[in-house]
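Notes follow once the structure below has been shown.
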Amino acid sequence: MNAPLWFLLGIFLIAGMGILLYWLLVVTEGVFLGRRVVVWLYDLTADRYDGIKQFDAQAERFFVVHPLLARLDGYPSPVVLDVATGTGRFPHFLLEEATFNGRNIGLDASARMLEIAADKLRPYGYRAALVQQTAADLPFPNSAFDTVSCLEALEFFPNDSAALREMTRVLRPGGVLMVTRRRGWEGKTFFGRYRSSQRFEEHLQVVGLETVETLPWQVEYDLVFAQKPLSAVN
């Protein structure tokens, strides 16, 4: 084999390795390398996370906070659990909303993310609390929350079904679940984890939820609401 051919093969090999690493570490954020890698990556990027995401306050209120509050009408002081809260993005915008008079508990496995969230949520005092824990074994009793949210995170859990069952368990009968479904071409590269909109809605029904509604949100995500039946018994 001549030198130019060896050179081309080397280029293809390097490019292939680069694409593989990008998929493993950026697109799927380490999920196929194990939970410890996922947490390590979030600890590593925590200081830059909000800058990378560039959350828009108006969009967060209009597309996430207000639709949730409309579903909580009639509950003057709801208690909300935000799973995989990260830097406290959702609790911050929810607690900032003048019409929200409840409390929010944020849960995440990344210590560094929670440190940043603590600084962000400090102005809200007792209305905001943070817990370092994974979603697979939520440290709360049955029916403890009026709402459970989980944004842009399910696909990065070791077992999203187990996490959804735990979220359903701690949700009170009649309570609202708000989660996201990964969509688009990148979502389909989560091999063995991707679900179409119909299959995702069916899956939420399997774990014990009803009144499932999917709303378009971002290019990469749908926003999905569901309710725990009033007749549910944990």
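The values are calculated or read from the model by the stated rules, or taken from the named source; none is laboratory data. Everything quoted here is computed from the prediction, not taken from an experiment. Cβ coordinates were reconstructed from backbone atoms using ideal geometry, including for glycine residues, and neighbour counts include every protein chain displayed. To get the accessible areas, we keep the full protein, side chains included, count just its heavy atoms, and leave off ligands, DNA and RNA. Shrake-Rupley method; radii C 1.70, N 1.55, O 1.52, S 1.80 Å.
Could you pull out every one of the helices (runs of 4 or more DSSP H) wholly within region 29-72 that has 2 or more residues that are modelled with pLDDT under 90 and open to solvent by 80 Å² or more (accessible area, probe 1.4 Å)? Full working, then the answer.
Values: elements: 35-53, 57-60, 66-71.
Qualifying helices (runs of 4 or more DSSP H): 35-53.
Return the residues of region 56-88 that are of a type in the set (F, W, Y) and in contact with a Phe, Trp or Tyr (Cβ under 8 Å, 6 or more places away or on another chain); say none if nothing qualifies. Spell out the reasoning first.
Here is the first cut: in region 56-88, the residues of a type in the set (F, W, Y) are 62-63, 75.
If the condition is that a residue be of a type in the set (F, W, Y) and in contact with a Phe, Trp or Tyr (Cβ under 8 Å, 6 or more places away or on another chain), then F63 is the only one that fits.
Taking the criterion of being crowded, with 17+ Cβ neighbours inside 10 Å, out of contact with any helix residue (DSSP H, G or I) (no Cβ under 8 Å at 6 or more places or on another chain) and either among the acidic types (D, E) or not in a helix (DSSP H, G or I) (or both), would at least one residue in region 107-128 satisfy it?
yes
Among (1) without any contact (Cβ under 8 Å) to a residue 24 or more places away in the chain; (2) buried (at least 19 other Cβ atoms within 10 Å of the Cβ); (3) not charged (D, E, K, R), which single condition is V83 missing?
In the conditions (1) without any contact (Cβ under 8 Å) to a residue 24 or more places away in the chain; (2) buried (at least 19 other Cβ atoms within 10 Å of the Cβ); (3) not charged (D, E, K, R), V83 misses (1) alone.
Looking at (1) touching a Lys or Arg at 6+ places or on another chain (Cβ under 8 Å); (2) surrounded by fewer than 18 Cβ atoms within 10 Å (Cβ to Cβ); (3) of a type in the set (D, E, K, R), can you tell me which one R103 breaks?
Unmet condition: (2).
Only one of these is of a type in the set (D, E, K, R), in contact (Cβ under 8 Å) with a residue 24 or more places away in the chain and within 16 Å of V179 (Cα to Cα): D137, D108. Name it.
Values: D137 fails: within 16 Å of V179 (Cα to Cα).
Only one candidate passes the filter, namely D108.
As an exercise: evaluate S77 against (1) touching a Gly at 6+ places or on another chain (Cβ under 7 Å); (2) modelled with pLDDT of 95 or more; (3) open to solvent by 20 Å² or more (accessible area, probe 1.4 Å) and give the number of the one condition it does not meet.
All conditions are met except number (2).
Residues that are touching a Leu at 6+ places or on another chain (Cβ under 6 Å) and open to solvent by less than 60 Å² (accessible area, probe 1.4 Å): list the helices (runs of 4 or more DSSP H) wholly contained in region 133-234 that include at least 3 such residues. Please lay out each step first, then the result.
Working: elements: 160-170, 184-188, 197-206.
Result: 160-170.
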